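What follows is a single structure, written as structure tokens, with notes after it.
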Amino acid sequence: MPLSAGATFGAPSVFPALGRAFSFFGGASAATVASVYEEGPRSRASLAMARYGRGDDAAFAEVYDELSPRLFRYLVRLTREEARAEDLLQQTFLQMHDARGRFLPGADVVPWAYAIARRLFIDGTRRRKRDHLHDEYEDERSAAQNTAPSGEAVASARELSDALRTRLDALPELQREAFRLVREEGLSIAEAAEILGVTQAAVKLRAHRAYESLRDVLAELGEER
Amino acid sequence: MTAPLPSAELRARILAKTREAPSPTRAEVSKKRIPLALGALVPAIVVVALLGLGPKGRPVELAVLVSLGWAAVAMATTSLALGSRSPLGPSRPVLGLLAASAPILQLSISALGMALFPDTWSGILGPKNHATCMMLSAFMGAAPLGAMLFHLRGLDPVSPHVRGAALGATAGAWAGTGAMLVCPHHGAIHVLVGHVLPVVLFTLAGLVVGGRVLALQSRANAR
């Protein structure tokens, strides 16, 4: 039977959060806490990050290899500049490196990494004093790709893509972010909620509203043709 | 069309940077927490040592009930504010609820105590008495708040302001409990001004200061 963090402090096992809270004040050795959470079913990246936090320096390369492709794709979508995405990716991993001693085994590294990347993007964008957040939405290209790429088809696809991107840009930030994380990045509702700092119900609602809004664009374009 | 991938050179650069500037492991961070936590307790220990514990003119049952109740709220607040397994901490709604509810719950416990001991509702006390308890709370709560903010500085990418408020409420709740243990006074106005108001002020201080201190600090010129 797995132990709870609360048990390491003599507290009832039904109060793991209380146990973890008191570990903040140095109440348990890191090794004790580490052994408690090692059993949780987590991604390879999370397990590697836990090992890194414990002092296994080689584990960070594994964390990088597991997370960097999807984080980079996410950042390229946000920035639409590969050079800037690389810079943000580097900052993200260095932040994770700096905070490795605070990563508890059993925690999920994915929402944390996305949240750092997103925050760095937002802060960087504000610093650059851009008028609006950049975005890219390309999921609706398949219709054009299924036919011969005539000039008309290409123009039509571009029109569709532009219309969707414009609508996505016009959505409230949380709707846009919820849609992007859930529909484009394939994260779970719970992970998106953690990244955005809102409830799961709010993520569901916002992603759905964004989806409905984009569907309206498709319908409008369909009627015009 | 294939998805873009980060360059191999970037991977090498990031891993080289982590080797150049090692960061503290969990064991090292845990070691640093101990003096920080002990330092945060010093003001409360000084106050208790100088003023002593006890009902001091209040009915013993009232003093016990209120002190235990306030301590329970402080424990629950600490558990929720610091007990999350996620490196992102508790969600923003939880933190917001926590920050808002701590002073309300503690006020409710005091109100319950006063309802059970109706003689303690009133009491003519001057502003000096209220100010004394406020100062005691401020003295006992500033160090824990500072310690928590220092420990978590620059780490919150999602909701630093709300987390700061929750940490402020936590520090305020413990400071209020400490003040409740040594305070000889009772009365609705005194509880409100001398004890609950400091919790609210700590929450606001956490909101303002925490937003700045806890927010993720981006590394300029990471390249």
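Applying a threshold of 9 Å to beta carbon distances and a minimum spacing of six or more residues, or different chains, the list of pairs starting in region B:163-192 at a residue that is under 21 Å from B:PRO118 (Cα atoms) and ending at one that is among the aromatic types (Phe, Trp, Tyr) and surrounded by fewer than 24 Cβ atoms within 10 Å (Cβ to Cβ) reads B:HIS186/B:PHE117; B:HIS186/B:TRP121; B:GLY187/B:TRP121; B:ALA188/B:TRP121. Here is the figure for region B:8-45: residues that are farther than 30 Å from B:ALA71 by Cα and among the β-branched types (Val, Ile, Thr) total 3. Can you name every residue in region A:93-121 that is in contact (Cβ under 8 Å) with a residue 12 or more places away in the chain, facing another protein chain (nearest Cβ under 7 Å) and farther than 19 Å from A:LEU196 by Cβ? Hits for region A:93-121 are A:PHE93, A:HIS97, A:ARG100, A:GLY101, A:ARG102, A:PHE103, A:LEU104, A:GLY106.
Looking only at residues of region A:181-210 that are in a helix (DSSP H, G or I) and modelled with pLDDT under 85, we find that the one that is farthest from the other protein chains (Cβ to nearest Cβ) is A:ARG183. Any chance you could count how many residues in region B:94-104 are surrounded by fewer than 23 Cβ atoms within 10 Å (Cβ to Cβ) and away from chain A (no Cβ under 14 Å)? Matching residues across region B:94-104 total 3.
Just name the residue that is nearest to the chain's Cα centre (by Cα) out of those in region B:113-165 that are among the aromatic types (Phe, Trp, Tyr) and more than 14 Å from every other protein chain (Cβ to nearest Cβ). In this case the residue turns out to be B:PHE139.
Scan region A:47-59 for residues that are buried (at least 23 other Cβ atoms within 10 Å of the Cβ) and within 19 Å of the chain's Cα centre (by Cα) and jot them down.
Pass one, region A:47-59, residues buried (at least 23 other Cβ atoms within 10 Å of the Cβ): A:48-50, A:52-53.
Passing the criteria: A:ALA48, A:MET49, A:ALA50.
Within region A:172-184, the set of residues being touching a residue at least 40 places away in the same chain (Cβ under 8 Å) and surrounded by fewer than 19 Cβ atoms within 10 Å (Cβ to Cβ) comprises A:GLU173, A:ARG183, A:GLU184. Within region B:42-83, being crowded, with 17+ Cβ neighbours inside 10 Å, within 30 Å of A:ARG102 (Cβ to Cβ) and not small (Gly, Ala, Ser) holds for B:PRO43, B:TRP70, B:VAL73, B:MET75, B:THR77, B:THR78, B:LEU80, B:LEU82. Looking only at region B:64-79, residues that are more than 15 Å from B:THR203 (Cα to Cα) and either in contact (Cβ under 8 Å) with a residue 60 or more places away in the chain or assigned to a loop (DSSP other than H, G, I, E, B) (or both) come to 4 in all.
Checking each residue in region B:27-45 for being in contact with a Phe, Trp or Tyr (Cβ under 8 Å, 6 or more places away or on another chain) and more than 11 Å from chain A (Cβ to nearest Cβ) picks out B:PRO43, B:ALA44. The one condition from (1) of a type in the set (Ser, Thr, Tyr); (2) crowded, with 24+ Cβ neighbours inside 10 Å; (3) at pLDDT below 90 that B:SER91 does not meet is (2).
Applying the condition of being at the interface with another protein chain (Cβ under 7 Å from one of its Cβ atoms) and in a helix (DSSP H, G or I) to region B:14-26 and asking which residue is nearest to the chain's Cα centre (by Cα) yields B:ARG26.
Taking B:ALA40 as the residue in question, decide whether it is modelled with pLDDT under 90 and among the small types (Gly, Ala, Ser). No, not satisfied.
Any idea which of A:ALA58, A:ALA107, A:ALA99 is within 18 Å of B:ALA12 (Cα to Cα) and small (Gly, Ala, Ser)?
On the way: A:ALA107 fails: within 18 Å of B:ALA12 (Cα to Cα); A:ALA99 fails: within 18 Å of B:ALA12 (Cα to Cα).
Every option except A:ALA58 fails the conditions.
The values are calculated or read from the model by the stated rules, or taken from the named source; none is laboratory data. Because the structure is predicted, anything quoted here is derived from the model rather than measured. Please note: Cβ atoms are built from the backbone with ideal geometry, for glycine as well, and neighbour counts cover all protein chains shown.
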